[in-house]
Amino acid sequence: MSFVDNLEKIQLAAETISDNRYLKAVSKGMVMTIPASITGAMCTLVANLPFDGYQNFIQGNGLKSLLLLPGIFTSNIMGLIVVYFIAYNLAKSFDIEGMFPGFLAIVSFLILTPLATIEQQVHDTVRPVDFISFDYIGSKGMFVGIIVGLVVARLYYWFVKNNITIHMPESVPSFVEKSFSSIIPFFAITFLMALVSWGFNFTSFGSIHNLVYSVLQVPIQQIGGSVGGVMVAYALIGLFWWFGIHGKAIIFGVYAPIIQTMTIENMNAAAAGTTPPNLIDFGFTSVFLEIGGGGCVLGLAICFIFFAKSDQYKNIGRITSIPTFFGINEPITFGTPICLNPNFLIPTVVTPLVTGLIGYLAITTGMVPRMIGAQLPTGTPTFLNALIAGGWRMLLAQALCVAVSVGIYFPFFKMADNLECKREQQALKEKEEEAEDVEVEAQATVVE
């Protein structure tokens, strides 16, 4: 089997994975939580800036509790936010209205969430009050939210597909018709979730949250959140980019829930004034594993700008350097091209592994502080993202990684640049020869 045939098979498999409607729903749902995540992360970041005078000021006048409040009701309810958007997007993929399945997913999620009771003074009497802990609807509930969102939207679609709904006359307004058509699936699915919740009372787990968290979420986080797990993920992302496929879109369909959960745990710990439990979160990947985008291609862009001899690579450097500095790698990946270019396969896969290992060692040795759950918007420029995520020491560590990425890419770039120079010189020589031939022919014509 030829190399081209193998490439086509890999691309076909990657496209099949990326086109899976369930993975797409999870991926899109995670993306739609970004406004809430960034709001919570930025408020938590501002509330925990490491300056003694600043901290004394905001604690003395009560501003710290104000700054932490948005984080409490964004990151601490991420399970609720995720379940809605995943159900919404899966329902939309079946060409049905997404709002009702999304709301039904929230109701189902809450039905499956255990209640706790405390004695609370209400007006003049002390009486038991039921409540839901943030533990279940925040980061620990993320995986349950994913499962419930997918299951509820799929069940809702089954009712619609089999026409098990209440039908109204055509004269009835559409918003009324939609409400009545949701009654049967709404009742059936909520009752089913109530049965599941009731059934877990007879198990040692007590709730589906405890089952999923202990059996699935903790082991998956330990694997995916380890240095080995994140290195494998980003090696695959670099490899997919080399094939011309959006690697992050494919890998993060599975990996995003893991890294999102760890980011929220770090954010909550930072807000509470305790040590963040995870070395790796979205801040870590942004600062150390995506320097210039997939493949850490900022190092290659710097090579183009300062060391290119060929006209083509000089022009590519001028055109692609700015977007690459802002973490957008598509122009340089497809403009060089990096994809399917044997010269750049090794550095595209290896560079994120080296820079990620440098970041990991810098944190474990205490040279830079732990991540605090900062989730920065796509397009945050290099160096600024490090400064926000961990201060000047994180900035220095990232600067070292940029220098290392330049060193890794340089020999491969030099080889490609030399080949391109030879091509350009050969093309120029051929043009000159053609011009001379034309001139000779013109002179011969004049003589005749």
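The values are calculated or read from the model by the stated rules, or taken from the named source; none is laboratory data. In this text, all values refer to a predicted model and were calculated from it rather than measured experimentally. Ideal geometry is used to build each Cβ from the backbone, glycine not excepted, and the neighbour counts take in all protein chains shown. In case anyone asks, the SASA skips ligands and DNA or RNA and just uses the protein heavy atoms, side chains included. Shrake-Rupley method; radii C 1.70, N 1.55, O 1.52, S 1.80 Å.
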State whether the residues of the range 364-373 include one that is of a type in the set (A, V, I, L, M), touching a residue at least 60 places away in the same chain (Cβ under 8 Å) and within 30 Å of ILE264 (Cα to Cα).
yes
Could you list all residues from the range 96-131 that are open to solvent by 50 Å² or more (accessible area, probe 1.4 Å), under 21 Å from TRP198 (Cβ atoms) and in contact with a Pro (Cβ under 8 Å, 6 or more places away or on another chain)?
THR117
Suppose we keep only residues that are over 22 Å from LEU112 (Cα atoms), of a type outside the set (A, V, I, L, M, F, W, C) and touching a helix residue (DSSP H, G or I) at 6+ places or on another chain (Cβ under 9 Å) within the range 60-78. Which one would you say is surrounded by the most Cβ atoms within 10 Å (Cβ to Cβ)?
GLY71
Those residues that are free of Cβ contacts under 8 Å to residues at least 12 places away in the same chain and open to solvent by 70 Å² or more (accessible area, probe 1.4 Å), I need them from the range 179-213; list them, please.
PHE187, PHE191, LEU195, TRP198, ASN201, PHE202, SER204, PHE205
Answer yes or no as to whether GLY244 is in contact (Cβ under 8 Å) with a residue 40 or more places away in the chain and open to solvent by less than 50 Å² (accessible area, probe 1.4 Å).
yes
Identify, by number, the condition in (1) in a helix (DSSP H, G or I); (2) out of contact with any helix residue (DSSP H, G or I) (no Cβ under 6 Å at 6 or more places or on another chain); (3) open to solvent by less than 80 Å² (accessible area, probe 1.4 Å) that ASP135 doesn't meet.
(3)
Selection from the range 254-288 of residues open to solvent by less than 10 Å² (accessible area, probe 1.4 Å), at pLDDT 85 or above, among the polar types (S, T, N, Q) and in contact with a helix residue (DSSP H, G or I) (Cβ under 7 Å, 6 or more places away or on another chain) yields THR263, THR285
Of the residues in the range 11-58, those that are of a type in the set (S, T, N, Q) and at pLDDT 85 or above come to ASN56
Can you tell me which of GLY141, GLY149, GLY224, GLY229 is under 30 Å from ILE251 (Cα atoms) and in contact with an Asp or Glu (Cβ under 9 Å, 6 or more places away or on another chain)?
GLY141
Just one listed residue, out of PHE103, PHE73, PHE51, PHE85, is farther than 28 Å from GLY283 by Cα and not polar (S, T, N, Q), and it is PHE103
Scan the range 375-415 residue by residue and report those that are open to solvent by 20 Å² or more (accessible area, probe 1.4 Å), under 22 Å from the mean Cα position of the chain (by Cα) and closer than 22 Å to LEU361 by Cβ.
PHE383, LEU387, ILE388, LEU395
Name the residue that is farthest from GLN260 (Cα to Cα), counting only residues in the range 138-177 that are touching a Pro at 6+ places or on another chain (Cβ under 9 Å) and aliphatic (A, V, I, L, M).
ILE164
Only listed residue being of a type in the set (Val, Ile, Thr), under 16 Å from PHE412 (Cα atoms), part of a loop (DSSP other than H, G, I, E, B) and open to solvent by less than 30 Å² (accessible area, probe 1.4 Å), chosen from ILE291, ILE338, ILE332
ILE338
For the range 171-228, give me the residue count where each residue is in a loop (DSSP other than H, G, I, E, B) and either of a type in the set (Gly, Ala, Ser) or farther than 29 Å from MET99 by Cβ (or both).
11
Select from the range 294-329 the residues that are open to solvent by 10 Å² or more (accessible area, probe 1.4 Å) and of a type in the set (Val, Ile, Thr) and list them in ascending order.
ILE302, ILE305, ILE316, ILE319, ILE322, ILE328
In the range 308-317, the residues that are assigned to a helix (DSSP H, G or I) and closer than 23 Å to PRO352 by Cα:
TYR313, ILE316, GLY317
Could you tell me how many of the residues in the range 214-231 are among the aliphatic types (A, V, I, L, M), in contact with a helix residue (DSSP H, G or I) (Cβ under 9 Å, 6 or more places away or on another chain), over 15 Å from GLY145 (Cα atoms) and surrounded by fewer than 20 Cβ atoms within 10 Å (Cβ to Cβ)?
4
Of (1) surrounded by 10 or more Cβ atoms within 10 Å (Cβ to Cβ); (2) free of Cβ contacts under 8 Å to residues at least 40 places away in the same chain; (3) in contact with a Leu (Cβ under 9 Å, 6 or more places away or on another chain), GLY141 satisfies every one except (2)
Considering only the range 330-352, state which residues are within 24 Å of GLY283 (Cα to Cα), in contact with a Phe, Trp or Tyr (Cβ under 7 Å, 6 or more places away or on another chain) and not β-branched (Val, Ile, Thr).
PRO347, PRO352
Any residue at all in the range 397-404 that is in a helix (DSSP H, G or I), more than 20 Å from ILE322 (Cβ to Cβ), β-branched (Val, Ile, Thr) and in contact (Cβ under 8 Å) with a residue 24 or more places away in the chain?
yes
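Checking the structure you have, find out if any residue of the range 79-93 is open to solvent by 50 Å² or more (accessible area, probe 1.4 Å) and within 16 Å of HIS209 (Cβ to Cβ).
Looking through the range 79-93, none of the residues is open to solvent by 50 Å² or more (accessible area, probe 1.4 Å) and within 16 Å of HIS209 (Cβ to Cβ).
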